[in-house]
1. Sort through GLU119, GLU98 and tell me the only one that's surrounded by fewer than 22 Cβ atoms within 10 Å (Cβ to Cβ), within 11 Å of ligand 2 (Cβ to nearest atom) and among the acidic types (Asp, Glu).
2. Here are some conditions: (1) within 15 Å of ligand 1 (Cβ to nearest atom); (2) assigned to a loop (DSSP other than H, G, I, E, B). GLY170 meets all but one. Which one does it not meet?
3. Just a yes or no: is a residue in region 297-320 aromatic (Phe, Trp, Tyr) and over 21 Å from ILE339 (Cβ atoms)?
4. Assuming PHE164 fulfils every condition listed in (1) under 26 Å from the mean Cα position of the chain (by Cα); (2) over 30 Å from LEU386 (Cβ atoms); (3) without any contact (Cβ under 8 Å) to a residue 40 or more places away in the chain apart from one, which condition is it?
5. Would it be correct to say that SER329 is assigned to a loop (DSSP other than H, G, I, E, B) and not hydrophobic (A, V, I, L, M, F, W, C)?
6. Of all residues in region 86-130, how many are more than 16 Å from ligand 1 (Cβ to nearest atom) and either outside the structural domain of TYR179 (by TED's automatic domain parsing) or without any contact (Cβ under 8 Å) to a residue 24 or more places away in the chain (or both)?
7. What do you reckon, is ASN50 under 26 Å from GLY144 (Cα atoms) and touching a Ser or Thr at 6+ places or on another chain (Cβ under 6 Å)?
8. Taking region 373-392, which residues are in contact with a helix residue (DSSP H, G or I) (Cβ under 7 Å, 6 or more places away or on another chain) and either of a type in the set (D, E, K, R) or part of a helix (DSSP H, G or I) (or both)?
Amino acid sequence: MENAGALIAQHIREKLESGRVLFIAGRGNNGGDAFVAARHLAGSLGYIVNVVLLGKSRDIGTKEAFRNFSLLKFSRVNIFEITDSSQLEASASELFQETDLLVDAVFGTGISGKLREPESTAIDLINLEGKAGKTVISIDIPSGLDPDGGDFEKAVHAGLTVTFHRMKIGLLSEKAKEYTGVIKVADIGICTDAEQYVGPGDLMMLRRRKSEEHKGDSGKILVIGGGPYSGAPTFAALAALKAGADLVTVAVPAPVAEIVASYSPNLIVRKLSSNVLCPDDLSILLDLISSHDVVVMGMGLGRATETLEAVRKIIPFCRKAVLDADALSALSGTIFESIAGNCELIVTPHAGEFARLRNMETPESLEARIKAVREFSEEKGVVTLLKGKIDIISDGKQTLLNRTGNPGMTVGGTGDVLAGLTGSLFSRNPAFLAAACAAHINGTAGDLAFEKAGNGLLATDVLEKIPEIIKIAEIG
Ligand SMILES: NC(=O)C1=CN([C@@H]2O[C@H](COP(=O)(O)OP(=O)(O)OC[C@H]3O[C@@H](n4cnc5c(N)ncnc54)[C@H](O)[C@@H]3O)[C@@H](O)[C@H]2O)[C@@H](O)CC1
Ligand SMILES: [K+]
């Protein structure tokens, strides 16, 4: 934002040697760019800088934009907080008419839905001045245009659009060109890694809790696992809780039910009928599946024939599911076809499981792996999180990489933790975002645990660190 704002100020100086500049800023980061530019410009001789904020400063939507707005109080900038269209027309029309140059920062890539007020009137007022011959500079995209190139109601007619990093699709169409004026692409120093890898910016997209929420609103997760093993489903269940789920039920075969319950009083444990998961369990499970948001299945189930058959029968009843470990062995082409459109699936294989899923060796090189994960996800209609030194997450259209984590995490149980974490985030977020952020959080928690335990770290150490990482992500 600092780089973006500084470059905008530079473009203003090139267009106007001195005079009155009016920034019309929304409450998002597009407005944030304007606050930075206004501060930079106010530091240059010869400019009278006015900023109209569309709304109240307390409603500025991001920390970064708010921080930059607050800095304006220490600059030679006049600020006007205007909350409705009549106020805008009455008190701001003078400001609009007297200015030499207008900067449109109403919104950029964050626009969504029908135009509201006072933003819609702000666009009209900017265009009136533009028609009268004044220079209008749009920040990133003329406000009103759809950055993805879709239909739009109306937009600012700019003389110059300074867009950041790379050309947005929405600036390219013939219709858009009637609004953009000259387009300059400004390099604001975003490295390619920041686009390719999951990072704090992605974590900030995760849904946050609201103060008025009730028990269950933050996710009800059903873990189906265990039989030959009791630790694996427990790791997944505890990770789901640590990542913020409200309720976690663990459905496990009879012999391990009491063991799992003895691990933690935080878990609700449901005992299944046999020694391993089998099709007879479907009657108990169907009720549980319908009363939970996400099913996380596979950890420690074993690969008995009846277990794999039960997994295949369960999947079509799930609205959302994370499939890990032994559940992946049950997947076949026909499963994907039968659930298409009814069930959202995230699969979390490691390289060996991915090879079995595709009936093909998992490539070694990162480029070839990315291609394989993207193609598999697109063809099967799932989100894939391929675990590895660098995790690859794709839904077939978008792909992200994750490089948090360390060699200490090859210890047993960390994959189960990741599956539970993914399920927890998936209950409240889109599948791709949930999987990408889960990979990042799991690896970061592992890195924190590594600082203390080194290669002796345990999956339980990773579990303990998850809340810290989630808390930092929520604070932003
Ligand atoms: N992503 C990045 O790396 C960078 C982003 N930057 C800026 O950030 C912008 C995106 O910021 P945001 O995502 O905060 O979004 P915007 O600032 O584009 O828009 C969000 C604001 O517009 C309001 N809004 C959305 N739709 C509306 C409608 N139909 N009617 C009325 N109000 C509406 C929202 O309530 C919110 O206040 C980019 O265009 C760019 O200018 C820059 O700071 C540079 C770095
Ligand atoms: K804009």
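The values are calculated or read from the model by the stated rules, or taken from the named source; none is laboratory data. Every value quoted in this text rests on a predicted model; they were computed, and no experiment measured them. Please note: Cβ atoms are built from the backbone with ideal geometry, for glycine as well, and neighbour counts cover all protein chains shown.
1. That would be GLU119, the only listed residue that is surrounded by fewer than 22 Cβ atoms within 10 Å (Cβ to Cβ), within 11 Å of ligand 2 (Cβ to nearest atom) and among the acidic types (Asp, Glu).
2. Failing condition for GLY170: (2).
3. Within region 297-320, not a single residue is aromatic (Phe, Trp, Tyr) and over 21 Å from ILE339 (Cβ atoms).
4. Only one criterion is unmet by PHE164, namely (3).
5. Here the answer is no, as SER329 does not meet what is asked.
6. Qualifying residue count, region 86-130: 4.
7. no
8. Residues satisfying the conditions are PHE376, LYS380, LYS387, ASP391.
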